[in-house]
1. Trypsin sites (Lys or Arg not before Pro) within the range 239-339: which are DSSP loop residues with at most 14 other Cβ atoms inside 10 Å?
2. Classify the range 123-188: rounded, prolate or oblate, from the alpha-carbon gyration tensor (a ≥ b ≥ c, eigenvalue square roots; a/c under 1.5 rounded; otherwise prolate if a/b is larger than b/c)?
3. Taking each full run of DSSP H in the chain as one helix, which ones are at least 15 Å long along their axis (Cα atoms) and have mean Kyte-Doolittle hydropathy of at least 0.0?
4. When the chain is modelled as a GNM with alpha-carbon springs shorter than 10 Å, which of Ile321, Ile184, Ile253 fluctuates the most?
5. Which of Lys115/Lys224; Lys115/Lys244; Lys113/Lys279; Lys200/Lys224; Lys113/Lys244; Lys115/Lys279 have a Cα-Cα distance over 26 Å?
6. Give me the net charge of Arg190's neighbourhood, meaning all other residues with Cβ under 10 Å from the Cβ of Arg190; Lys, Arg count +1, Asp, Glu -1.
7. Return the whole-Å distance between the Cα centroid of the range 200-274 and the Cα centroid of the range 135-157.
8. Tell me the mean residue ellipticity at 222 nm calculated for the chain from its helices only (DSSP H runs of n ≥ 4, each -39500 (n - 2.57), averaged over every residue, nearest 500).
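Each reported figure results from applying straightforward, stated rules to the coordinates on display, with no laboratory input. All figures in this text were calculated on a predicted structure; none of them were measured in a lab. Neighbour counts run over all protein chains shown; Cβ positions are idealised from the backbone, glycine included.
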Amino acid sequence: MRIFSGIQPTGRKHLGNFIGAIRQYVDGQARAVEADGLAIFCIVDLHAVTVAYDPVELRELTYDTAALLIAAGLDPARCILFRQSDVAEQTELCWLLASVTAHGDLNRMHQFKEKSEVQRELISAGLFFYPVLQAADVLAYRCDEVPVGEDQRQHIELMRDIAERFNARFADSNELLIAPQHRIPEVGARIMDLQDPDSKMSTTAAAQDGTVYVLDQPEMIQRKFNRAVTDSDDPPRIAVDPQKRGVSNLLEILAACEGVTPEEAAAELSGARGYGDLKAAVSEAVIEMLTPVRERYELLRGDEAALEQVLLRGADQARAIAAVTLGEVRSAMGVGPVT
Ligand code: TRP
């Protein structure tokens, strides 16, 4: 079993990122170690340059992200953690895979449409090409599993198509590149904004109080949950119900923290007097989950030299794998000398 995922070094990571992605990585690492497989995690700085960004900040955000991932439980001794730009093999593979990528497919990508709509100055060709680099990220390592959020479904389907088209066109077997499966978490894949439970939790939300950040102080977390939107059912009803978006979201968060289903979380609160009890229970569970992460982050983030060493060592390990795949792809495509 081989797992790969990529994470953007952008913005502050919020509870939705933590539950929907980062925790899946830690779980993937454990499963990979257990199965004698490999878990590979990549901080995708080259994807970050496809939209407007600040170069000095990008480097800071890359360290922030590395420190956060380690604080959350990724252990560089048990997984490969590296920075995308350190492994040039991935970028070269991106170009080679472009030859089996349909322009029309890239044109259909939701994320391209959404991101290009909000660009003020330039819609870069890089933004259009982004999914090809993402395909190269995963295919370079011949991974079978990609833990990602629901929003990445289309990108994973595209990389499967690219792998299959490549194998059909250039390889004798179906195995030169491996079409990976996505793995989308059942609970917590869609954490909604606390102030606007019809929208996903995000860093760009209108209301500041709707987004809980991984590095928020406990008092701040408590305040945000206290102010969370519920509903005016009288008597209050703590239940999972599509009509009750706010309450269902709080139950989803509680369930994700406790490792139970949202229905089980609701059953635990059957003696509650009202939504105040639900909010208190969620806020306590979230604080308990995030406090050790924040404390470890603060220690790790202070030592950039150590973080840099972790990333460079990870890149060496990653490159050793990617170089083999790239060599076979070049050879199958008739690129470069006979090897
Ligand atoms: N596009 C992904 C996101 O926005 C990040 C990413 C880049 C990724 N390369 C990847 C995810 C490879 C999974 C596999 O979240």
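1. Arg273
2. Oblate shape, in that a/c is at least 1.5 and b/c is the bigger or equal ratio.
3. 55-72, 88-98, 125-139, 245-258, 304-333
4. With Cα springs under 10 Å in the chain, the top fluctuation among Ile321, Ile184, Ile253 is at Ile321.
5. Result: Lys115/Lys224; Lys115/Lys244; Lys113/Lys279; Lys113/Lys244; Lys115/Lys279 exceed 26 Å.
6. With Lys, Arg at +1 and Asp, Glu at -1, the net is -2.
7. 30 Å
8. -17000 deg cm²/dmol
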